[in-house]
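The block underneath contains the structure these notes are about, expressed in structure tokens.
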């Protein structure tokens, strides 16, 4: 794989990713994605796929303050509504971050990271950025494998956001699976999840 294939073009505005109308609200809403999914289905669940040390992806390094692809702590999960996978979530934390920066990261298990981030007053949230990830992007390939597919022949919409707690950085990338278009985005009181 060439470097070009491992990278993606991220945009500060969702229009750069050309989202279809059925997914746009999911992609651009600034409230907790976990809270929005919980309000959209009868049963919400997190399925942890992996939590390990790994080399960061080519398009993540600079965002989390690394000069090149270095080892990071990585977590990957599927977010399910009524047992249907809706989102593949990928989180990376530089190894330089201490456990006091992100004390809960290593012990989340099958709990949602988003619900933790939105309730911690010491967490600062950056701006959302958007991309349309091509089928050969590592996160699309990982999402396909998580669903038992050898590969996907479609591009997937994604968004990512950088969080900071104390001096530690954490990057969350959410890849929206095709099934998300079947969910109606709920009207949720954003004050509850601010």
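Structure above, values below:
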read-out	value
Residue pairs meeting the criteria (Cβ under 7 Å; at least 6 apart or on separate chains; first under 20 Å from residue 52 (Cα atoms), in region 107-131; second loosely packed, with under 14 Cβ neighbours inside 10 Å and modelled with pLDDT under 85)	116/104
Tally, over region 7-23, of residues that are within 18 Å of residue 154 (Cα to Cα) and assigned to a loop (DSSP other than H, G, I, E, B)	7
Of the criteria (1) more than 18 Å from residue 9 (Cα to Cα); (2) out of contact with any helix residue (DSSP H, G or I) (no Cβ under 8 Å at 6 or more places or on another chain); (3) assigned to a loop (DSSP other than H, G, I, E, B), which one residue 68 fails	(1)
Qualifying position, being in contact with a helix residue (DSSP H, G or I) (Cβ under 9 Å, 6 or more places away or on another chain) and under 30 Å from residue 184 (Cα atoms), among 110, 76, 83	76
Selected residue (criterion: surrounded by the most Cβ atoms within 10 Å (Cβ to Cβ)) from residues of region 86-96 that are more than 30 Å from residue 182 (Cβ to Cβ) and touching a helix residue (DSSP H, G or I) at 6+ places or on another chain (Cβ under 8 Å)	93
Subset of region 146-176 (residues that are outside any strand (DSSP E or B) and either touching a strand residue (DSSP E or B) at 6+ places or on another chain (Cβ under 9 Å) or crowded, with 19+ Cβ neighbours inside 10 Å (or both))	146, 147, 152, 155
Subset of region 66-84 [crowded, with 18+ Cβ neighbours inside 10 Å and at pLDDT 90 or above]	72, 73, 74, 75, 76, 77, 78, 79, 80, 81
Filter result for the condition that a residue is under 16 Å from the mean Cα position of the chain (by Cα), within 28 Å of residue 13 (Cα to Cα) and assigned to a loop (DSSP other than H, G, I, E, B), over 86, 31	31
Leading residue by the ranking (surrounded by the most Cβ atoms within 10 Å (Cβ to Cβ)) among those in region 113-134 that are in a loop (DSSP other than H, G, I, E, B) and touching a helix residue (DSSP H, G or I) at 6+ places or on another chain (Cβ under 8 Å)	128
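Listed here are the residues, each with its yes/no results for (1) loosely packed, with under 15 Cβ neighbours inside 10 Å; (2) farther than 16 Å from residue 143 by Cβ; (3) free of Cβ contacts under 8 Å to residues at least 12 places away in the same chain; (4) in contact with a strand residue (DSSP E or B) (Cβ under 8 Å, 6 or more places away or on another chain).
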residue	(1), (2), (3), (4)
13	yes, yes, no, yes
19	no, yes, no, yes
23	no, no, no, yes
27	no, no, no, yes
38	no, yes, yes, yes
44	no, yes, no, yes
51	no, yes, no, yes
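The values are calculated or read from the model by the stated rules, or taken from the named source; none is laboratory data. All values derive from a computational prediction rather than experimental measurement. Please note: Cβ atoms are built from the backbone with ideal geometry, for glycine as well, and neighbour counts cover all protein chains shown.
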